[in-house]
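The values are calculated or read from the model by the stated rules, or taken from the named source; none is laboratory data. Just so you know, these numbers come straight off a predicted model, no measurement behind them. Glycine gets a Cβ as well: all are built from the backbone with ideal geometry, and neighbour counts include every protein chain shown. Areas reflect the complete protein model, heavy atoms only, side chains present, ligands, DNA and RNA absent. Shrake-Rupley method; radii C 1.70, N 1.55, O 1.52, S 1.80 Å.
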Amino acid sequence: MKKIFFALVGLVLAFSASAAPYSEGQQYSAIKQTVAGQPEVVEFFSFFCPHCYQFEHVWHVSAEVKKELPANTKYVKYHVDFLGGDFAPAVSQAWAVAVALGVEDKVSDAIFDGIQKTQTITDPASLKATFVKAAGITPEAYDAAWNSFAVKAFVAQQQKAAADFQIQGVPAVYVNGKYLINNGGLDTSSMENYKLDYANAVKFLVNKK
């Protein structure tokens, strides 16, 4: 009997250990229609969004997610146009410039601060000046990228993805074209716990396929 008892206890413990740590309807939801042809992880954000400022600039959630992702997982960030009024499309194109030049990490914090904190970024000229100062690129390099086919293609890609995913708010993180992370369903007991839980949820869904 003792052997049977311990065997049963072992099965219960094994089941508990293998139970999914994240569940649909709590930490994530499945969207109604899968969006095909997207990278494994797609984040939508806006430099005009106060929640995105906290998510990216203060809590550094995106950086934690990238650090925890399995090797060779593609992570793409798209800037949306529905916040920021008439200036939003220019900022979306500037983000495409950052991606094309590989300076996203150098300019992201500076753009967030310039738009939301110091209000020193108010037009395309001040946006360009921020790139020159923060990323150390020349005005000519910025202009060349701005007018390039690669940047125009990325802008179109951002717009199409936002329409395909039917984005209503940001920040929004989608995994495998079919799962949306529930920003309010994760561990909010501390900043550190939140970003770790977020990263682990994304990793869980990447592996879930």
What nm distance separates the two modelled labels at D187 and A141, each placed 7 Å from Cα along Cα→Cβ? 4.1
Counting other Cβ atoms within 10 Å of each Cβ, which trypsin sites (Lys or Arg not before Pro) in the stretch 20-67 have at most 16 and sit in a DSSP loop? K32
Point-charge dipole on Cβ atoms (K/R +1, D/E -1) for the stretch 116-193, about Cα centre, debye to 20: 140
For the chain, with +1 on Lys and Arg beta carbons and -1 on Asp and Glu, the positive-most of A201, Q54, T138 along the dipole: A201
When each of K160/K203; K66/K178; K32/K74; K128/K160; K152/K195 is checked by Cα-Cα distance, pairs over 27 Å: K152/K195
Over the stretch 53-117, with the other protein chains present, what is the accessible area per residue in square angstrom, probe 1.4 angstrom? 44
Just to be sure I understand, if you calculate Rg/Rh (Cα atoms, Kirkwood Rh) for this structure, which of (i) 1.09; (ii) 1.17; (iii) 0.96 do you get? (i)
Rounded, prolate or oblate: which fits the stretch 100-192, taking a ≥ b ≥ c as square roots of the Cα gyration tensor eigenvalues, rounded meaning a/c under 1.5, else prolate when a/b beats b/c? oblate
How many percent of all Cα-Cα pairs in the stretch 39-102 sit more than 19 Å apart? 37
Could you state the principal axis extents of the C-alpha atoms in the stretch 12-126, from the largest down, to the nearest angstrom? 62, 30, 27
Once you charge only the Cβ atoms, +1 for Lys and Arg and -1 for Asp and Glu, what is the size of the charge dipole of the stretch 29-94 about its Cα centre, to the nearest 20 debye? 180
